[in-house]
4 protein chains.
Amino acid sequence: MCRWAAYTGEPVFLEEIVSRPGHSLIHQSHGATQSKTAINADGFGVAWYGEREEPGLFRDILPAWSDPNLRSLTAQVKSPLFLAHVRASTGTATSRNNCHPFVVGNWTFMHNGQIGGYDGFRRDAEMLIPDPLYPHRKGATDSEALFLIALGEGLRDDAKGALERATARLESLSRLKGAAPHVRMTAAFSDGKRLFAVRYATDENAPTLYHRWSEMRRGRAVVSEPLEAGECWDSVPPGSFCTFEADGVTIEPFEPRCLARVA
Amino acid sequence: MCRWAAYTGEPVFLEEIVSRPGHSLIHQSHGATQSKTAINADGFGVAWYGEREEPGLFRDILPAWSDPNLRSLTAQVKSPLFLAHVRASTGTATSRNNCHPFVVGNWTFMHNGQIGGYDGFRRDAEMLIPDPLYPHRKGATDSEALFLIALGEGLRDDAKGALERATARLESLSRLKGAAPHVRMTAAFSDGKRLFAVRYATDENAPTLYHRWSEMRRGRAVVSEPLEAGECWDSVPPGSFCTFEADGVTIEPFEPRCLARVA
Amino acid sequence: MCRWAAYTGEPVFLEEIVSRPGHSLIHQSHGATQSKTAINADGFGVAWYGEREEPGLFRDILPAWSDPNLRSLTAQVKSPLFLAHVRASTGTATSRNNCHPFVVGNWTFMHNGQIGGYDGFRRDAEMLIPDPLYPHRKGATDSEALFLIALGEGLRDDAKGALERATARLESLSRLKGAAPHVRMTAAFSDGKRLFAVRYATDENAPTLYHRWSEMRRGRAVVSEPLEAGECWDSVPPGSFCTFEADGVTIEPFEPRCLARVA
Amino acid sequence: MCRWAAYTGEPVFLEEIVSRPGHSLIHQSHGATQSKTAINADGFGVAWYGEREEPGLFRDILPAWSDPNLRSLTAQVKSPLFLAHVRASTGTATSRNNCHPFVVGNWTFMHNGQIGGYDGFRRDAEMLIPDPLYPHRKGATDSEALFLIALGEGLRDDAKGALERATARLESLSRLKGAAPHVRMTAAFSDGKRLFAVRYATDENAPTLYHRWSEMRRGRAVVSEPLEAGECWDSVPPGSFCTFEADGVTIEPFEPRCLARVA
């Protein structure tokens, strides 16, 4: 279980989300409260959109709390749309290639959760990645595979549907060759314009997902747990797909299961 | 506050102390129980004596729990005398040069604790390091300085006296330019033959220090907290200097304070 | 193109091969003479056999010449059989998981060379790795894939045949979807008892392979280029498979091509 | 001997200097032509001025050519004033704290060269760092010491004089306790408004220093060796102190020696 935070709105310094708040992502890296694993010290990453279509990407394997490069970068760089992640490995090695977010072209993706028994069918999962996208397969995580499969399912044209289909295919593999709980996840991803987030589980224990509009920042934070105690955050119900745009939030049902049946 | 473990006796695989026990040093790296900081993820190190007079030294800045090199090394290497450490930085950077143990010639040293207000008089402290030893000053920690000052005070010929004098000099600086608590420490060090350990504080809160003879291993472990719950460990009282040799343990009073007064 | 060195014989300190000789592997890491790339600074690794059936493995991403852990390890550890490698990436990321040697159970493998156009058919290559071995697929290199495919082809029972079949399958993919030169390689691998090495290319430019018996060490070094200038080294001809055992060297033809045709 | 490049002018992406040119700094990291050491793979760093008074700082110990974070950062970040450095260690460890540039407040500094016999008088050199600046002493390099001593000598108010005095003091130590050549250096440093550079040696072998105005970029690059072959670069003579400002370049004599005599 990892922790993550994303932002969309008026440009702010990355540190406004990553390190400044009382329960900032960096604070969560050594003291998460709503995660099964309190320590998320197996690497971190941040992807931010700037002047170019492709986002910047900075990932390293140190604990986020002790990386001076991360501190300096987040204090200098402003962005209207960024995603940040601290990792608690569920088994795969601590390596930059296994750190979130993952970037392909103008798309970036990060994930928290697990696909039950993934190690037992990783090869089958990787076979679901289309050839043209395979060069982007750099690491060994289920998260990167989910992203690449979703891109293959048409993430660019149909974000919700593609992620449903990709999740359904991995969920089917988990039901066939894996173990319960089959899927527990939150994920956030973006094309540089819209910020998407999903909360989903095949059981009653979907990881938490929150968002909050800040009048002060004129922007919205989307997080795996609130950045400040005592603030009022909107909790997203399980089985939800969220689209965050300038004019607000759209929440639709996220239903990979029905597809899984027909898969 | 860091966590450490040392061993002297019949040769055992390093993992017997470092990773195998239920509350092994690696386990403590993400769940210390008797330390103020539960997480010790700012680097680790192990120094072991083998066929050569100088010990081997392996240090890195990853959390100990996620380093495959450490796992492999401790599974392969046997030693009759070794020291291992997991670090929770009290401010200085996460860098290999700031990781314990420190090695000079055939001597190795590791430390847990703090010298009150050290940042305010680091320069004065480094001035206490004699010129011939100064090339060994690689990092910025109070621990490495204490070691080098003690070597300058004659650690080779009078381990207890030299460490008392070195501690007294730093304690004096802390009283003069630093802040209370002036000294809280445990330390373990060795010349490759004897294993020494000290527990000391200028207040009532000396970090814990334990040791235990294992009939099974025919050796003794000396640790900052017990390696197994339910085992019977001997607790060393504050103000003690321990010498561990084949024929047993010698415990003497450790009294830098009186020296501090006259310093 | 990487550089590597292996040793089998009376136990010697790893440094006898890795760092001591005038043109040691570490020296080659910043000044290889018979390699297209003079600099091999994209990580290193050493696997050594000791008291256990499984070898020790130490890999890191720093240039070999600047890693104090490597220096200390090779100065402390003695082994009768070990493999060491310095890497010059041909494209894949600098990551520990992409560093050689690779280890599966008691087998270890390292490689120098290239499979033409590999990036274009990496997915097909990974499909050749049997399910039971897939969890060992940690990185993205052609080298690790070749090793795992060879294990799947029966490396344990028929080292030469299995590596011929594995090479043939990748060569076929390169002819089908890749580019010339299809295969250029030297490789060394071991089960902890015998040391194997191969030199092979589909064109006239097979990477160099040498070996030399040392009376002084009572052991044999097998290398991608000689460790000392002026010494007399035996050059292995292209298309050779070498088996190094206590009682000497067996050199057989290595012929994956004929198999490739029928593949 | 390291390699470095700096820029002042209209904001450009860092990659315009760091990675894009044919003989960019990253290219020089594995093939410097005017440096005694062709390989500069012992770490790198870049400091850039942005919206804040303090510069951003990104340093790591990988070879610059293989760091994806550096590639992404330099492709995303634009700056009107930045300094970049690739390091070839002259002895001190490969550690982020030993990587250039060094930053104190709004000042940043990088250096190429050596102070003869520095290891023999490092302690004396560090004694020249005033107490208030000592907390900024993070590593062990002569370069960082020179910077901090110069700050202590009044770099803020008298850049040229302060660096002359600091250089003179280290030169005196080298003459007293060190070895010839006593000083060989180029350095670049900035307060966020002006870019300074110096070329100096106590013998005839001052490292090279060049600068060039680009009409296309509307800015000036200052480098240890030209970024493109065939371009026309202005070579700065030895014993020069350069101040680069919007309205052009001021070159004054740099004469620490006379001060060294009276020191």
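The values are calculated or read from the model by the stated rules, or taken from the named source; none is laboratory data. Owing to the predicted nature of the structure, the values given are computational and were not obtained by experimental measurement. With ideal geometry, Cβ positions are generated from the backbone for all residues, glycine too; neighbour counts draw on all protein chains shown.
How many of the residues in the range A:123-147 are away from every other protein chain (no Cβ under 11 Å) and closer than 19 Å to C:Y134 by Cβ?
Taking the range A:123-147 first, the residues away from every other protein chain (no Cβ under 11 Å) are A:141-147.
From the residues that got through so far, the ones that are closer than 19 Å to C:Y134 by Cβ too are A:141-146.
The total comes to 6.
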What do you reckon, is C:S95 surrounded by fewer than 24 Cβ atoms within 10 Å (Cβ to Cβ) and at the interface with another protein chain (Cβ under 7 Å from one of its Cβ atoms)?
no
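For the structure I just gave you, tell me whether A:A84 is aliphatic (A, V, I, L, M), buried (at least 24 other Cβ atoms within 10 Å of the Cβ) and at pLDDT 95 or above. So that I can check it myself, show each step before the final result.
Numbers: aliphatic (A, V, I, L, M): yes; buried (at least 24 other Cβ atoms within 10 Å of the Cβ): yes; at pLDDT 95 or above: yes.
Here the answer is yes, as A:A84 does meet what is asked.
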C:E126 is checked against (1) over 30 Å from D:L62 (Cβ atoms); (2) more than 13 Å from the chain's Cα centre (by Cα); (3) crowded, with 19+ Cβ neighbours inside 10 Å and fails just one. What number does that condition carry?
(1)
So for the range D:22-31 (the condition being touching a strand residue (DSSP E or B) at 6+ places or on another chain (Cβ under 6 Å), at the interface with another protein chain (Cβ under 9 Å from one of its Cβ atoms) and in a loop (DSSP other than H, G, I, E, B)), does at least one residue qualify?
no
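Being more than 9 Å from every other protein chain (Cβ to nearest Cβ) and either of a type in the set (S, T, Y) or within 17 Å of the chain's Cα centre (by Cα) (or both): is that true of B:H100 here? First the steps, then the outcome.
Values: more than 9 Å from every other protein chain (Cβ to nearest Cβ): yes; either of a type in the set (S, T, Y) or within 17 Å of the chain's Cα centre (by Cα) (or both): yes.
The answer is yes for B:H100.
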Do you know which residues across the range B:104-120 are within 14 Å of chain D (Cβ to nearest Cβ) and surrounded by fewer than 21 Cβ atoms within 10 Å (Cβ to Cβ)?
B:G117, B:D119, B:G120
In the range A:66-91, anything of a type in the set (A, V, I, L, M), more than 13 Å from chain D (Cβ to nearest Cβ) and under 19 Å from A:I39 (Cα atoms) is listed as A:A84, A:V86, A:A88
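Can you work out which of the residues in the range C:32-59 that are more than 10 Å from every other protein chain (Cβ to nearest Cβ) and at pLDDT below 90 is surrounded by the most Cβ atoms within 10 Å (Cβ to Cβ)? Explain how you work it out, then say what you get.
Filtering the range C:32-59 down to residues more than 10 Å from every other protein chain (Cβ to nearest Cβ) leaves C:32-36, C:40, C:44, C:46, C:53.
Among the residues that remain, those that are also at pLDDT below 90 are: C:32-36, C:40.
Details: C:A32: 22, C:T33: 12, C:Q34: 15, C:S35: 20, C:K36: 9, C:N40: 29.
Top of the filtered list is C:N40.
Out of the range B:199-220, which residues are of a type in the set (S, T, N, Q) and more than 14 Å from B:G113 (Cα to Cα)?
Here is the first cut: in the range B:199-220, the residues of a type in the set (S, T, N, Q) are B:202, B:205, B:208, B:214.
Selection gives B:S214 alone.
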If a residue must be in contact with a Ser or Thr (Cβ under 6 Å, 6 or more places away or on another chain) and touching a residue at least 60 places away in the same chain (Cβ under 8 Å), how many such residues does the range B:22-48 contain?
3
One residue is enough: does the range C:208-221 have a residue meeting the conditions crowded, with 22+ Cβ neighbours inside 10 Å, touching a Lys or Arg at 6+ places or on another chain (Cβ under 7 Å), touching a residue at least 12 places away in the same chain (Cβ under 8 Å) and among the hydrophobic types (A, V, I, L, M, F, W, C)?
yes
What is the number of the single condition among (1) closer than 15 Å to D:G239 by Cα; (2) of a type in the set (F, W, Y); (3) within 14 Å of chain B (Cβ to nearest Cβ) that D:Y200 does not meet?
(3)
Would the range D:203-218 turn up any residue that is in contact with a helix residue (DSSP H, G or I) (Cβ under 9 Å, 6 or more places away or on another chain) and hydrophobic (A, V, I, L, M, F, W, C)?
no
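One line per residue, one yes/no per condition, for (1) more than 25 Å from B:T90 (Cα to Cα); (2) touching a residue at least 12 places away in the same chain (Cβ under 8 Å); (3) under 16 Å from the mean Cα position of the chain (by Cα); (4) not in a loop (DSSP other than H, G, I, E, B):
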position: A:I17; (1), (2), (3), (4): no, yes, yes, yes
position: A:R20; (1), (2), (3), (4): no, no, no, no
position: A:E53; (1), (2), (3), (4): yes, yes, no, no
position: A:L57; (1), (2), (3), (4): yes, yes, yes, yes
position: A:N69; (1), (2), (3), (4): no, no, no, yes
position: A:A75; (1), (2), (3), (4): no, yes, no, yes
position: A:S79; (1), (2), (3), (4): yes, yes, no, yes
position: A:F82; (1), (2), (3), (4): yes, yes, yes, yes
position: A:T92; (1), (2), (3), (4): yes, yes, no, no
Unmet criterion (only one of (1) closer than 28 Å to B:G248 by Cβ; (2) surrounded by fewer than 24 Cβ atoms within 10 Å (Cβ to Cβ)) for B:L155
(2)
Does the range C:41-48 contain at least one residue that is part of a loop (DSSP other than H, G, I, E, B) and among the hydrophobic types (A, V, I, L, M, F, W, C)?
yes
If C:G105 meets every condition in (1) in contact with a Gly (Cβ under 8 Å, 6 or more places away or on another chain); (2) over 15 Å from C:G139 (Cα atoms); (3) modelled with pLDDT of 95 or more apart from one, which number is that one?
(1)
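For the range A:106-134, enumerate the residues that are at positive phi and assigned to a loop (DSSP other than H, G, I, E, B). So that I can check it myself, show each step before the final result.
Step one: filter the range A:106-134 for residues at positive phi, giving A:113, A:117.
Hit for the range A:106-134 is A:G117, nothing else.
Taking C:P181, is it within 14 Å of chain A (Cβ to nearest Cβ), touching a helix residue (DSSP H, G or I) at 6+ places or on another chain (Cβ under 9 Å) and either under 25 Å from A:N98 (Cα atoms) or of a type outside the set (D, E, K, R) (or both)? First the steps, then the outcome.
Values: within 14 Å of chain A (Cβ to nearest Cβ): no; touching a helix residue (DSSP H, G or I) at 6+ places or on another chain (Cβ under 9 Å): yes; either under 25 Å from A:N98 (Cα atoms) or of a type outside the set (D, E, K, R) (or both): yes.
The answer is no for C:P181.
Filter the range C:22-31 down to residues that are within 25 Å of C:S95 (Cα to Cα) and not hydrophobic (A, V, I, L, M, F, W, C) and give me whichever is surrounded by the most Cβ atoms within 10 Å (Cβ to Cβ). Step through it out loud before you land on a result.
Just the residues of the range C:22-31 that are within 25 Å of C:S95 (Cα to Cα), to begin with: C:24-31.
In the following step, the residues that additionally are not hydrophobic (A, V, I, L, M, F, W, C) were identified as C:24, C:27-31.
On the way: C:S24: 22, C:H27: 20, C:Q28: 28, C:S29: 30, C:H30: 20, C:G31: 14.
Among those residues, the one meeting the criterion is C:S29.
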